[in-house]
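See structure below.
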């Protein structure tokens with residue numbers, strides 16, 4: 001099999017990957033960008049058709065090309081954002097190679113990294129990994145879940161409220177995904193219940209630039225120590241977005257603590273967990289459980305590099321993987337949220353420039 005040579009390979013063409021490619025080109029590199037999806041848009045292309053532009057907190061502009069104003073608020077983000085990303089790729093002249101699934105990244109010859117895919121192999125002097133989290137929905141384990149007689153689905157498969165009409169639904173999770181679901185299914189489902197592991201923290205202040213930087217810094221501290229990253233949302237709290245206000249108006253945000261067990265026709269709590277006036281029997285009947293429990297970083301293809309620390313995380317300083325100087329991680333930890341993606345792309349490109357400048361390429365034979 002022919003192995004293509006490249007100074008830099010970027011894996012993933014979501015916001016973090018496109019931002020990295022933009023800054024790499026500003027620094028004089030021509031990266032090869034590989035993307036597993038069938039078209040532009042990153043994770044946004046897979047969002048529910050019911051998630052419209054007026055329901056999201058905000059979509060951060062890609063570097064160098066702001067979105068055009070005046071987008072209709074009732075248009076699905078799964079249409080608007082992919083169209084914006086496609087225009088961005090055209091504007092930059094980025095020839096994203098897709099659909100290409102990266103199967104592994106391992107050490108190759110001359111200190112290069114060998115990127116193996118279902119469409120061939122690339123030997124790269126540096127790699128920027130921007131594979132995000134959407135392909136790895138997190139399903140937490142709870143006793144009895146396998147015996148549940150109803151339907152269980154993760155938020156990644158949620159496609160709008162109509163299929164839950166007349167159902168008794170439990171929504172598990174304390175982030176924006178749970179807010180989205182509760183705001184839509186309340187009043188459509190026969191009954192809804194909201195369950196979280198920790199009491200939610202709502203914030204009514206303006207989540208401005210300083211607050212965003214503070215949130216990113218808190219997540220960065222964990223990944224610098226090699227700990228599994230928390231989501232940025234877990235440290236920002238829940239703002240009063242349009243979906244939160246809608247869910248509040250429908251009375252859908254009466255939170256219950258996490259149940260102890262799933263039973264065939266619902267869930268149950270240990271005696272004494274709930275106040276008597278909430279659920280007298282400590283059991284809630286349901287025929288649907290929606291797990292809005294987040295995502296984990298999609299890093300399985302990096303396993304041959306043995307990057308994991310004993311704590312289970314990857315030690316990252318900014319975007320630089322400490323154990324592998326040729327590798328940058330963006331869309332991981334603080335940049336898994338759109339809040340930090342552009343900043344991470346700039347940092348990764350700067351790190352790549354520094355690394356490659358210190359290690360000049362060998363002349364061709």
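As a rough footprinting exposure proxy, the listed residues 317, 287 were ranked by other beta carbons within 10 Å of their own, and the order from fewest upward is 317, 287.
Taking a temperature of 4 °C and a viscosity of 1.567 mPa s, what whole-number D in µm²/s does Stokes-Einstein yield for region 285-360 with Rh from Kirkwood over alpha carbon pairs?
Values: Rh = 14.3 Å.
In µm²/s, the coefficient rounds to 91.
In plain terms, the residue of 46, 301 with the fewest other Cβ atoms within 10 Å comes first and the most crowded comes last, giving 46, 301.
Stokes-Einstein diffusion for region 14-118 at 37 °C, viscosity 0.692 mPa s, with a Kirkwood radius from C-alpha pairs, works out to 216 µm²/s. From the Cα gyration tensor of region 41-172, with a ≥ b ≥ c the square roots of its eigenvalues, which class applies: rounded if a/c is under 1.5, or else prolate if a/b is larger than b/c, or else oblate? The shape class here is oblate. In whole angstrom, how long is each semi-axis of the equivalent ellipsoid of region 238-277, when you take the square root of 5 times every eigenvalue of its Cα gyration tensor and sort them from largest down? Semi-axes (√(5λ), whole Å): 27, 12, 9.
Ordered by the number of other Cβ atoms lying within 10 Å of each residue's own Cβ, fewest first, 273, 131 fall into the sequence 273, 131. The spacing between region 1-39 and region 242-270, judged by their C-alpha centroids, is 42 Å. Working note: Cα atoms of region 1-52, range along each principal axis, descending, whole Å: 42, 32, 11. Relative contact order for region 4-52: 42 percent, from Cα pairs under 8 Å spaced at least 6 residues apart, divided by residue count. By definition, a body whose alpha carbon gyration tensor gives a ≥ b ≥ c is oblate when a/c is 1.5 or more and a/b is not larger than b/c, and region 129-193 fits this oblate description.
FYI, it's all coordinate maths here, none of it is from the lab. Since this is a predicted model, take the numbers as computed values, not measurements. Backbone-built Cβ (ideal geometry, glycine too); neighbour counts: all protein chains shown.
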